[in-house]
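Taking it in order: structure first as structure tokens, then the write-up.
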Amino acid sequence: MQPFVLKHAIPAERSPASVPYAYNAALQLNVLSDGRPAIADRAVLLATGTTTSTAGSKTHFDD
Amino acid sequence: MTVLILTCHQDVTADLVVAELRELGVPLVRFDPADLPDRAALSTEYDRGDFTGYLSTGGRLVSIHGLRSIWVRRPGRPAAHAANASEWLTAECGQALYGMLYATTARWMNHPGAAEPARHKPFQLRVAQRSGFAVPSTLVTTYPRAAHDFAVRCADIVVKSASGPPSVDPPVSLPTTRIGPDTDFSDVAAGATLLQRYVPKRADIRLICVGQEVFAARKTAAAGQVDGRFGCHGHRWEAVEAPAGILHSVHTYMALTGLAYGAFDFAEDADGVWWFLECNQGGQFGFVELETGQPIAAAIASWLAAPHTVRPPHGASPVDGPEDRPAVGRPHLRREQPH
């Protein structure tokens, strides 16, 4: 017997293996490969889905 | 005075607030507890009746007495990145870090003591009732018979997880799912189950509350869409004005929970009623800001940057607290004074 709610589980969309930015400790911001802050590129943020309500990690379910 | 942001490196939503704090000229330190103790350090000393300490990461050093505010965004588990990571090491480093921070006079968004109960959906529903929101009939139970009777009584219900999907491989999602009254509920005995009357909705609402500021956004629901996070059909989030009654309830909810930040989700029905679904104390705002242009990150930065207030002991009201002053100098969709 499995918990009732798990009968309604569906495969999760895989998160992108990598994002086109990396954390820069000096700036305390994520930056793109061309050195611009990631937040300067709205299209990148929307495309990678990193600010959406389903972007939570395993430790942060309350998105 | 410095703003401390507890979050993981890849959190670009936090970047939005970092940029706003820079605009305000407010010093900040971004600290991931997961970096302890290999890539981040701390020290606290209690001696001769005094208490001193500091945090260090990325070449930055901040005294705990120099903390203006603490934003708990998406912190990693303490010591999760350590070469010798373990549950014990996480507990030890968590004690050291949060014990130190609890002892400061900094303002929190949100204080973990407020955030912990606020994460629980059943608690949220009761606070929502007390706050005056419309709350769909809900049952949380391990009794199959109770689940069956509830389904018959409501005729049309949904099931949702209280805590989110399990950590399994391959990963799964648990979208809110509509079920009928003739469902076999025997498996309800295998785990607590949250059932709720289905609200036919014409739109999803996400409302972000930052201190006293409120930003509401609306997205038209697709026909038959149950969970707004899934099955989108091209509709976009648009800024919307929250009704006065909702604003009153939001501020009541925030006062009852002690939260400084909350992301409320509502289902708007055909009559325009906003039905309370949940309030995520750490809920995302980035997608709302990106689509609507509402200055939510700026509001968070302003809250965090407000002048430091020393909290008097024994629960007395802070003197000259930033909550007592209206936010000024920045456009926003709605702001409501506390009731």
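A few points about this structure:
- Segment A:1-43, residues that are within 9 Å of chain B (Cβ to nearest Cβ), of a type in the set (Lys, Arg) and more than 15 Å from the chain's Cα centre (by Cα): A:Lys7
- Comparison of B:Asp35, B:Asp15 shows that the only residue that is without any contact (Cβ under 8 Å) to a residue 12 or more places away in the chain, surrounded by 19 or more Cβ atoms within 10 Å (Cβ to Cβ), within 14 Å of chain A (Cβ to nearest Cβ) and under 17 Å from A:Ala26 (Cβ atoms) is B:Asp15.
- Count of residues meeting criterion [on the phi > 0 side of the Ramachandran plot and surrounded by fewer than 11 Cβ atoms within 10 Å (Cβ to Cβ)] in segment A:2-44: 1
- Scanning segment B:54-78 for residues that are surrounded by fewer than 18 Cβ atoms within 10 Å (Cβ to Cβ), more than 14 Å from chain A (Cβ to nearest Cβ) and within 11 Å of B:Leu42 (Cβ to Cβ) gives a single hit, B:Tyr54.
- Count - residues of segment B:213-240 that are out of contact with any Lys or Arg (no Cβ under 6 Å at 6 or more places or on another chain) and closer than 29 Å to B:Ala306 by Cα: 3
- Summed over segment B:1-43, residues that are assigned to a helix (DSSP H, G or I) and on the phi > 0 side of the Ramachandran plot total 0.
- Residue under evaluation B:Thr257, criteria (1) among the hydroxyl-bearing types (Ser, Thr, Tyr); (2) farther than 20 Å from B:Pro122 by Cα; (3) within 14 Å of chain A (Cβ to nearest Cβ), criterion not met: (2)
- Filtered residues of segment B:263-295 (kept if surrounded by 22 or more Cβ atoms within 10 Å (Cβ to Cβ), within 27 Å of B:Arg126 (Cβ to Cβ) and more than 10 Å from chain A (Cβ to nearest Cβ)): B:Phe264, B:Phe266, B:Ala267, B:Trp274, B:Phe276, B:Leu277
- For B:Pro136: the one exception among (1) under 16 Å from the mean Cα position of the chain (by Cα); (2) more than 10 Å from every other protein chain (Cβ to nearest Cβ); (3) outside any helix (DSSP H, G or I): (1)
- Selection status of B:Asp187, under 20 Å from A:Ile10 (Cβ atoms) and part of a helix (DSSP H, G or I): yes
- Complete set of residues in segment B:158-210 that are touching a Ser or Thr at 6+ places or on another chain (Cβ under 6 Å) and under 24 Å from B:Asn110 (Cβ atoms): B:Lys160, B:Pro165
- Hits in segment B:152-164 - residues which are surrounded by 14 or more Cβ atoms within 10 Å (Cβ to Cβ) and either within 17 Å of B:Val226 (Cα to Cα) or outside the structural domain of B:Asp184 (by TED's automatic domain parsing) (or both): B:Cys154, B:Ile157, B:Val158, B:Val159, B:Lys160, B:Ser161, B:Ala162, B:Gly164
- The listed residue being more than 14 Å from every other protein chain (Cβ to nearest Cβ), more than 30 Å from B:Ala115 (Cα to Cα) and free of Cβ contacts under 8 Å to residues at least 60 places away in the same chain, out of B:Pro243, B:Pro181: B:Pro181
Here's the yes/no breakdown for (1) under 28 Å from B:Leu42 (Cβ atoms); (2) free of Cβ contacts under 8 Å to residues at least 40 places away in the same chain; (3) out of contact with any helix residue (DSSP H, G or I) (no Cβ under 7 Å at 6 or more places or on another chain); (4) not in a helix (DSSP H, G or I):
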| residue | (1), (2), (3), (4) |
| --- | --- |
| B:Ala82 | yes, no, no, yes |
| B:Trp88 | yes, yes, yes, no |
| B:Ala147 | no, no, no, no |
| B:Phe150 | no, no, yes, no |
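- Taken over segment B:35-51, residues that are at pLDDT below 95 and in contact with an Asp or Glu (Cβ under 9 Å, 6 or more places away or on another chain) amount to 1.
- B:Thr193 being buried (at least 21 other Cβ atoms within 10 Å of the Cβ) and either touching a strand residue (DSSP E or B) at 6+ places or on another chain (Cβ under 7 Å) or away from chain A (no Cβ under 14 Å) (or both): yes
The values are calculated or read from the model by the stated rules, or taken from the named source; none is laboratory data. Computed from a prediction, not measured in an experiment: that's the story for all the values here. In this analysis, Cβ positions are derived from the backbone assuming ideal geometry, glycine residues included, and neighbour counts consider all displayed protein chains.
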